[in-house]
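Enquirer: I'd like to ask you about the structure that follows.
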Amino acid sequence: METDLKTLRPLIDKCVMCGGCHPDCPTYKLTRYEHDSARGKVVLAGALLDGSLSPTKELSATFNHCLSCMACTSACPAGADPARVIVSARGELFKKYGGYFEKFLFRKMLTSRPAMPFLAAFFNLTAFMARLFPRLPFLSKFSSEGKQKVFPDFSVKNLKGRFPEKTPAKGNTELKVAYFVGCMADWAFQSSGAGVINALSSVGAEVTLVKDEVCCGAPAYFAGDLDAAKISAEKNAGAFAGRGFDYIVTSCATCGSMLRDVYPALLGKTAGEEFAAKVTDFQKLYADRMPSKPVPADGKEKKVRVTYHDPCHLSRGMKITAEPRRILSSLPGVEFVEMADASACCGGAGAFNAKNYAESVAMGEKKGRNIQASGAQIVVTECPSCQMQLMDLTARFSPGVEVLQMSELIARVRR
């Protein structure tokens with residue numbers, strides 16, 4: 001997969017202007033502006049490439065007004081792959097308009113393990129200040145229609161500091177896996193990370209936490225800082241290389257898609273594909289190795305009603321949709337119900353939510369109401385960014401619904 005916009009001219013030329021991407025594009029559905037559609041952005045990318053359109057800050061903002069949900073690529077009948085074109089165009093524009101703060105964050109902070117505690121403290125301070133002073137100019141954007149954004153709590157001690165480097169398998173060791181924890185499971189959603197380690201151990205895997213792992217590089221990549229993304233890829237490839245792991249397991253849809261689908265472009269075909277070949281999602285590995293017979297419920301507890309939200313980078317990126325449903329249908333004391341439009345983007349999309357909070361909530365409202373309509377008590381997902389967004393959406397549109405990752409639910413019902 002190429003990242004240079006010049007090499008993607010064949011993909012740009014494949015666009016037949018049919019507008020087939022329009023019904024699935026969250027930004028276009030919200031604004032109805034052509035430049036917010038995938039088709040519009042492909043046209044702009046072509047104009048940027050042939051010089052008929054000059055790079056400007058406004059054009060950079062237009063390309064950044066996109067959730068990178070890949071719905072356009074899935075919908076395109078001609079195989080134009082607008083999602084790749086959009087990221088590559090961002091890369092061209094970032095060279096000129098990437099800010100000093102963004103470059104410092106992507107290239108120095110997120111690629112350095114010692115910097116992470118400071119970032120965690122900064123996010124906690126931001127959440128605290130937003131609760132205390134919601135009308136300050138910088139913080140007022142984190143509210144919509146009188147309700148404030150729900151922030152996760154970041155820990156002062158990471159998950160890797162709570163677990164040994166290796167967690168042995170319970171019983172015979174059948175697999176040796178590395179768990180790519182990712183930033184959010186390491187510093188915020190630690191119960192989900194702990195659940196992954198324990199669940200994998202329970203199905204015969206020796207689980208290793210790689211000390212020198214850094215951010216997967218997705219924030220930089222989707223912002224267009226491809227140089228920073230490459231730094232992350234090189235550091236992670238070096239940290240995991242030659243360790244004899246059968247699998248590199250992720251519990252974050254974006255991390256998994258980044259490691260498996262983007263690293264070959266950043267690292268070069270041979271090194272990147274060798275690394276990517278070992279990458280798998282926790283839900284897939286667990287579903288393939290969990291007990292074939294469901295553990296019977298004890299009959300004393302009423303079944304909890306659970307629905308599932310498909311993260312974009314898991315369903316459209318890694319093509320994993322059946323496995324989480326198979327797990328949910330097998331868990332004791334769980335009644336799995338499918339919500340309407342389970343694969344529709346929730347509107348979270350990491351930095352998009354931070355920069356366009358009110359729009360992000362508007363895009364996610366239908367998701368929140370679909371969760372409520374399902375009658376579920378718990379909604380499960382496999383992406384920390386989605387988890388944060390769903391926490392906010394359920395508080396607004398389906399109050400009382402709990403948001404968990406799959407490993408947390410497994411830990412709860414199998415203990």
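Enquirer: What is the residue count in the range 104-138 for residues that are basic (Lys, Arg) and not in a helix (DSSP H, G or I)?
Expert: 1
Enquirer: Tell me the residue from LEU49, LEU44 that is over 25 Å from the mean Cα position of the chain (by Cα), within 15 Å of LEU5 (Cα to Cα) and modelled with pLDDT under 95, please.
Expert: Among LEU49, LEU44, only LEU49 is over 25 Å from the mean Cα position of the chain (by Cα), within 15 Å of LEU5 (Cα to Cα) and modelled with pLDDT under 95.
Okay, residues lined up against (1) hydroxyl-bearing (Ser, Thr, Tyr); (2) farther than 23 Å from PHE222 by Cβ; (3) at pLDDT below 95:
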residue	(1), (2), (3)
GLU335	no, yes, no
SER343	yes, no, no
GLY350	no, no, yes
LYS355	no, no, yes
GLY368	no, yes, no
CYS386	no, no, no
ASP392	no, no, no
PHE397	no, yes, no
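Enquirer: From GLY272, GLY256, GLY224, GLY268, grab the single residue that is over 22 Å from the mean Cα position of the chain (by Cα) and either in the same structural domain as GLY348 (by TED's automatic domain parsing) or not aromatic (Phe, Trp, Tyr) (or both).
Expert: GLY268
Enquirer: Sticking with this one: Suppose we filter ILE86, ILE12 for residues that are in contact with a Gly (Cβ under 6 Å, 6 or more places away or on another chain) and of a type in the set (A, V, I, L, M, F, W, C); which single one remains?
Expert: ILE12
Enquirer: Give the residue, chosen from SER88, SER155, SER112, that is in contact with a Ser or Thr (Cβ under 9 Å, 6 or more places away or on another chain) and either at pLDDT 85 or above or of a type in the set (A, V, I, L, M, F, W, C) (or both).
Expert: Unique residue meeting the criteria: SER88.
Enquirer: Inspect all residues belonging to the range 336-355 and state whether any of them is under 21 Å from THR27 (Cα atoms), in a helix (DSSP H, G or I) and either in contact with a Cys (Cβ under 7 Å, 6 or more places away or on another chain) or among the aliphatic types (A, V, I, L, M) (or both).
Expert: Yes: the range 336-355 contains one or more residues that are under 21 Å from THR27 (Cα atoms), in a helix (DSSP H, G or I) and either in contact with a Cys (Cβ under 7 Å, 6 or more places away or on another chain) or among the aliphatic types (A, V, I, L, M) (or both).
Enquirer: Of all residues in the range 208-221 being at negative phi and crowded, with 24+ Cβ neighbours inside 10 Å, which is nearest to the chain's Cα centre (by Cα)?
Expert: Ranking the qualifying residues of the range 208-221, first place goes to ALA218.
Enquirer: Something else now. Just to be sure before I move on: is LYS355 surrounded by fewer than 21 Cβ atoms within 10 Å (Cβ to Cβ), outside the structural domain of PHE63 (by TED's automatic domain parsing) and either closer than 21 Å to CYS66 by Cα or over 16 Å from the mean Cα position of the chain (by Cα) (or both) in the structure I sent?
Expert: Yes, satisfied.
Yes/no per residue for (1) without any contact (Cβ under 8 Å) to a residue 60 or more places away in the chain; (2) surrounded by 16 or more Cβ atoms within 10 Å (Cβ to Cβ); (3) not aromatic (Phe, Trp, Tyr):
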| residue | (1), (2), (3) |
| --- | --- |
| ILE248 | no, yes, yes |
| SER257 | no, yes, yes |
| TYR263 | yes, yes, no |
| LYS269 | yes, no, yes |
| TYR286 | no, yes, no |
| ILE327 | no, yes, yes |
| GLY333 | no, yes, yes |
| PHE336 | yes, yes, no |
| CYS346 | yes, yes, yes |
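Enquirer: Name the residue, out of MET116, MET109, that is in contact with a helix residue (DSSP H, G or I) (Cβ under 6 Å, 6 or more places away or on another chain) and aliphatic (A, V, I, L, M).
Expert: So the residue among MET116, MET109 that is in contact with a helix residue (DSSP H, G or I) (Cβ under 6 Å, 6 or more places away or on another chain) and aliphatic (A, V, I, L, M) is MET109.
Enquirer: Another question, then. Does any residue of the range 383-400 turn out to be polar (S, T, N, Q), touching a Phe, Trp or Tyr at 6+ places or on another chain (Cβ under 7 Å) and more than 27 Å from ASP281 (Cα to Cα)?
Expert: no
Enquirer: Quick check on my filter: what residues within the range 139-168 are assigned to a loop (DSSP other than H, G, I, E, B) and among the β-branched types (Val, Ile, Thr)?
Expert: VAL150, VAL156
The values are calculated or read from the model by the stated rules, or taken from the named source; none is laboratory data. Since the model is a prediction, treat every value here as computed from it, not as a measurement. Quick reminder, even Gly has a Cβ in these numbers, built from the backbone with ideal geometry, and neighbours come from all protein chains shown.
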